[in-house]
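As structure tokens, the structure follows; a few thoughts come after it.
Where a number appears in this text, it was derived from the coordinates with a stated rule and is not lab data. Not measured: the values here are computed from a predicted model. Here Cβ is always computed from backbone atoms with ideal geometry, including for glycine, and neighbour counts include all displayed protein chains.
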Amino acid sequence: MVVIGGGFGGLAVTQALKRADVHVTLVDRSNHFLFTPLLYQVAMAGLAPAEIASPTRSLLRHQANARVLLAEVTEVDLVAREVHTRETRPLAYDYLVLAPGSTNAYFGHDEWVNVAPGLKDLDDAVEIRRRVLLAFEAAERETDEAARRRHLTFVVIGGGPTGVELAGAIAELATFVLARDFRSIRPDSTRVILVEGSESVLTSFGPELSARALESLRAMGVEVRPKTRVTNIDARGVECGGERIDASTVLWAAGVRAAPLGASLGVPVDKQGRIVVEQDCSIPGHPEVFCIGDAALFVPAGEEQPLPGVSPVAMQQGRFVAKKIARQVDRQPSAQTFKYLDKGIMATIGRSRAVARIGRIRLSGFIAWIAWLLLHIVYLIDFRNRVLVLIDWAWSYFTYQRGSRLITGHRLHAGTPGDQLDRQGEPVPDKPLNGLPRVGHDTA
Ligand SMILES: Cc1cc2nc3c(=O)[nH]c(=O)nc-3n(C[C@H](O)[C@H](O)[C@H](O)COP(=O)(O)OP(=O)(O)OC[C@H]3O[C@@H](n4cnc5c(N)ncnc54)[C@H](O)[C@@H]3O)c2cc1C
């Protein structure tokens, strides 16, 4: 059996097959499992990359029937039952599970990728951290007031959980953390603008929690612009709602689409590239191939809305598919319908502020934040990471300091946009941001 992707879905299916009579080959192009709910904390210098990621190989070291291959899948031949990768010979399978997740969607504006990075993996988080910290450094050096304002203006596009978390965390970073360390930056000189196309932020949480989240963001000084569409982004800012906002840092949290692999299989996909799956998560016409998690479009029977792209869906589908395969291998009847158990959703907005819907209970403020904190500690996959994160959070809570504020992957001569002067003290024209090196690895 081959599993493509070692994220929430792929890892769940592999681990749930521990005692089954199968040989599992897990293929992933990255060597680690990433706990995405805490990714924004890495981007905002609260946690180090290694605290929220664990090597897949070590997570499966005690599972004798599973092997891990670091490789990028380029093609799946559903007829020959083979998986092709860039790095290996074709991998034959009897069963295949596709769990390649999703990627950022720029709605036809791929030219925005470099000027407004999205947050999907560790490299993105380290790149965003670098840009945010460099913007503060540039502002500290700057003597021109307009240029300093530009460096201290942060625009986050998209008011879903990731956008809200990023906007809240930047406001918090400026107010509590960095303002103490810099001499010319006052906390109130930082502007954080959250642009959202729909009526409000966190609309999937329902009107009541959405309103609370809006209130919290505004109390933290975030300028929220609902019902506003971004029409252009460049290295110096954004145009939205007929207005030009000068900002050196623009972050994208406005949309995702399924990983491109799904669309290359020649099976039905929706507008977001998700593979339309049957009620047992299999691909139509291929009972031996399953697709789970963010890459799948699963509409429960009798309902209109598909299941959301969240980690519990991916994990529960993974465990369901594992059980189904194990029973088929044992020649036992297997379940035909996956049923999702929705335990709720939560998002944090900043220090001591969060919103949560757990069953019928709606929580906001400090109590929701404590629930968020405890849940994320419990779900971190490694015991070592749980301890490290707990210590780091306690440290920053009581000292108002951030432990992971290193700027890496940057040489000053590589250029911070708009901040270089020639020998006469005149500004050197900006280099395009996509000329900056991306950070490959980071162990800070
Ligand atoms: C910033 C952020 C915050 C989030 N916060 C939350 C949250 O608080 N709560 C929540 O429930 N959900 C959250 N999510 C959503 C959650 O991460 C996803 O729903 C979940 O990861 C989906 O699991 P998956 O297995 O489908 O994909 P993933 O976990 O994304 O795993 C996909 C894997 O496939 C690999 N892969 C992709 N293509 C290939 C290829 N061609 N070859 C080899 N390997 C490949 C990738 O490297 C990756 O390891 C968040 C997501 C992000 C980005």
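From Cα pairs below 8 angstrom and at least 6 apart in sequence, can you work out the relative contact order of the stretch 300-413, rounded to a whole percent? Relative CO of the stretch 300-413 lands at 12 percent. In the chain, the longest principal axis of the Cα atoms and the axis of helix 311-329 are about 20 degrees apart.
If you take the alpha carbon atoms of the chain and fit the smallest convex hull around them, that volume is 147 Å³ per residue. Axis angle, to the nearest 10 degrees, between helix 383-399 and the longest C-alpha principal axis of the chain: 20 degrees. Computed from Cα atoms, the angle from the helix 207-219 axis to the main principal axis of the chain rounds to 30 degrees.
Does the stretch 166-241 come out rounded, prolate or oblate, given a ≥ b ≥ c as the square roots of the eigenvalues of its C-alpha gyration tensor, rounded meaning a/c under 1.5 and, failing that, prolate meaning a/b above b/c? It is oblate, given that a/c is not under 1.5 and a/b is not larger than b/c. Applying the criteria of a DSSP loop state and at most 15 other Cβ atoms within 10 Å to the chymotrypsin sites (Phe, Trp or Tyr not before Pro) of the stretch 35-119 yields PHE107. Here each label is just a point 7 Å from Cα along the line to Cβ, and for PHE107 and ASP94 those points are 4.7 nm apart.
Report the full-extension gain for the segment ARG360 to GLU72: residue separation times 0.36 nm, less the Cα-Cα distance, to one decimal in nm.
My answer for the length gained is 99.5 nm.
Counting only DSSP beta bridges whose two residues both lie in the chain, roughly 50 percent are antiparallel. Secondary structure note: in the stretch 8-78, about 40% of the DSSP beta bridges are antiparallel. For VAL3, the amide hydrogen comes within under 5 Å of the amide hydrogens of THR25, LEU26, VAL27, VAL97, counting only partners 5 or more places away or on other chains and with H modelled in the peptide plane. Pairs of Cα atoms in the stretch 269-391 fall into 10 Å distance bins, from 0 up to the last occupied one, in shares of 12, 32, 29, 21, 6, 0 percent. Hey, if you drop one equal point scatterer on each alpha-carbon of the stretch 98-242 and run the Debye formula without solvent, what base-10 log of I(q)/I(0) do you get at q = 0.18 Å⁻¹? Reported log10 I(q)/I(0), two decimals: -1.16. Placing +1 on the Cβ of every Lys and Arg and -1 on the Cβ of every Asp and Glu, with no other charges, gives the chain a dipole of roughly 1140 debye about its Cα centre.
Within straight-line reach of LYS343, meaning a Cα separation under 28 Å, sit the following lysines at least 8 residues removed in sequence or on another chain: LYS18, LYS120, LYS271, LYS323, LYS324. Remark: the ALA301-ASP144 segment gains 50.5 nm on full extension, using 0.36 nm per residue and subtracting the alpha carbon distance.
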